[in-house]
Amino acid sequence: MTTLIATKTKPDILRERGQREVFCGLTSIVWLHRRIQDAFFLVVGSRTCAHLIQSAAGVMIFAEPRFATAIIEERDLAGMADANEELDKVVDQLLARRPDIKLLFLVGSCPSEVIKLDLGRAAARLSEQHSPRVRVLNYSGSGIETTFTQGEDGCLSALVEDAPVDQTKAPSLLVCGALADVVEDQMRRLFASLGIDKVDFLPAREADEQPTIGPNTRYLLAQPFLTDTARALEDRGAKRIAAPFPLGVEGTTAWLKAAADTWQISPDVFDAVVELPRARAQRAVAKHRERLSGQSVFFFPDSQLEVPIARFLNTELGMTLLEVGTPYLHQEHLAEELELLPADVTISEGQDVDKQLDRCLAANPDITVCGLGLANPLEAEGLTTKWSIELMFTPLQGYEQAADLAELFSRPLVRKTRLAV
Ligand code: SF4
């Protein structure tokens with residue numbers, strides 16, 4: 001049985017501020033629109049933004065779409081048209097045609113920021129016009145200085161700012177981060193078995209079910225990239241429960257334990273509740289450990305999931321961490337994770353892509369986790385790669401998904417071995 005033990009010395013952090021290779025926050029619409037089932041995401045952007053969303057979400061082409069792009073034309077860019085008037089017309093048409101929409105997000109982009117279109121004011125105006133049938137919120141998915149998971153952070157912080165105040169005196173648990181429905185259902189069952197009965201998820205599945213938030217809210221982050229969301233929650237008086245992230249068997253156990261301790265649940269009850277799912281997950285993960293133990297991994301900065309996934313690969317699968325690159329390192333939210341990494345691992349924050357490519361090629365890892373833009377050139381150099389965006393499209397959190405997470409890494413290595421025979 002693996003048990004997480006903190007290292008005594010903190011790893012050194014290499015900070016780089018050079019050219020970066022990341023997707024923008026619009027990408028997160030692809031998983032967010034599946035999560036909030038009566039929401040619509042209207043990107044206010046260019047044809048490039050529309051192409052990005054369409055290709056990222058290509059698999060959804062046959063479904064009734066719940067995202068679109070209001071194209072900013074050259075006339076708008078040149079200041080010849082009133083972009084607000086045009087936007088109001090598009091929203092009116094959309095809402096007239098789609099009575100199923102209850103929550104509309106206006107998603108800002110690089111072009112909307114260039115022409116300084118105030119989407120906050122637009123959202124307030126449109127919300128008033130279409131209330132109470134539809135709420136209109138806004139956030140930025142712009143790619144100028146962000147990475148793709150920050151789109152989710154922007155969306156969730158907009159929801160927090162819009163959330164009603166929790167008037168009750170009883171403490172409530174809020175799980176933050178877009179999770180697959182199946183993962184939410186599993187977690188709800190575990191919290192209920194522990195005796196924690198007032199549990200909400202952010203975002204909720206329906207617009208009308210979004211949680212209330214107040215000083216009695218205790219929140220657990222299920223994703224490591226929710227900096228602005230956490231800040232918005234703290235502004236409302238909510239308090240964070242410090243924990244590692246629910247990735248892997250032991251990450252999930254520590255995450256659940258942090259909530260159980262906050263609710264003063266006895267260790268015996270906790271052990272009894274997690275015993276079976278934990279043991280089942282350990283057995284499932286052990287099969288992958290045989291294949292992955294001793295293999296080396298190099299992370300390029302992309303999804304912001306790098307640190308907790310590296311911890312899982314190292315502590316539960318015995319993989320060697322050559323470098324763990326992450327776009328941003330939130331020292332407070334990741335404190336419990338950083339303590340669990342080996343003291344001699346190289347952690348890098350930010351990117352200078354050419355230098356990092358040189359380090360990666362020199363290290364010659366067995367598997368490299370990177371964005372789509374780097375995967376082909378690295379494969380051409382003979383390296384095996386894993387697209388980091390896949391980590392956002394696959395349900396990974398919790399006991400039942402721990403082996404699936406391991407499989408994402410073992411599958412390309414098995415394939416490589418087969419091809420080499
Ligand atoms: S980087 Fe900017 S212009 Fe490009 S798709 Fe993203 S928001 Fe649109």
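One Cα centroid belongs to the stretch 177-251, the other to the stretch 287-355; the line between them spans 24 Å.
Given R₀ = 25 Å, FRET efficiency for residue 118-residue 206 by Cβ-Cβ distance, to 0.05? Calculated value: 0.30. The relative contact order of the chain comes to 20 percent, based on Cα pairs under 8 Å that sit 6 or more residues apart.
Can you tell me which of 242-250, 92-100, 399-407 comes out highest on packing, and rank the rest after it, using the mean Cβ neighbours within 10 Å?
Values: 242-250: 25.9, 92-100: 12.1, 399-407: 22.3.
Descending mean neighbour count gives 242-250, 399-407, 92-100.
Computed per residue of the chain from DSSP H runs no shorter than four, each worth -39500 (n - 2.57), the mean residue ellipticity at 222 nm is -13500 deg cm²/dmol. So if I average 1/r over every pair of distinct C-alpha atoms in the stretch 215-278 and take the inverse, what Kirkwood radius in Å does that give? Computed over the stretch 215-278, the radius equals 12.6 Å.
Between residue 358 and residue 234, the contour length at 0.36 nm per residue exceeds the alpha carbon distance by 40.6 nm.
Using 0.36 nm per residue and subtracting the Cα-Cα separation, the extra length available between residue 289 and residue 12 on full extension is 97.0 nm. Using the structure shown, list the pairs from 102/169; 102/198; 198/239; 257/386; 198/257 with a Cα-Cα distance above 19 Å, or answer none. Pairs exceeding the cut-off: 102/169; 102/198; 257/386.
The shape of the stretch 331-421 comes out oblate: with a ≥ b ≥ c from the C-alpha gyration tensor, a/c is at least 1.5 while a/b does not beat b/c. Shape annotation for the chain: C-alpha extents along the principal axes are 61, 55, 39 Å, from largest to smallest.
Computed over neighbours whose Cβ is under 11 Å from that of residue 57, the net charge equals +2, Lys and Arg +1, Asp and Glu -1. Here each label is just a point 7 Å from Cα along the line to Cβ, and for residue 47 and residue 414 those points are 4.4 nm apart. Is the shape of the stretch 172-268 rounded, prolate or oblate, going by the alpha carbon gyration tensor and its root eigenvalues a ≥ b ≥ c, with a/c under 1.5 for rounded and a/b larger than b/c for prolate? Rounded, since a/c falls under 1.5.
For the stretch 25-146, the pair-distance distribution built from all alpha carbon pairs, in bins 5 Å wide starting at 0, is 2, 11, 24, 25, 21, 13, 4, 0 percent. Electrostatic bookkeeping for residue 199 treats Lys and Arg as +1 and Asp and Glu as -1; over the other residues with beta carbon under 12 Å from its beta carbon, the sum is 0. When each of the peptides 305-311, 159-165, 352-358 is scored by the mean number of other C-beta atoms lying within 10 Å of its residues, the order from highest to lowest reads 305-311, 159-165, 352-358. Were the residues from residue 376 through residue 92 laid out at 0.36 nm apart, the gain over their Cα-Cα distance would be 98.0 nm. Amide H to amide H, with H built 1.01 Å from N, residue 219 comes under 5 Å of 174, 239, 240, 241, counting only residues 5 or more places away or on other chains.
Coordinate-derived values only; no laboratory data. Since the model is a prediction, treat every value here as computed from it, not as a measurement. Cβ coordinates were reconstructed from backbone atoms using ideal geometry, including for glycine residues, and neighbour counts include every protein chain displayed.
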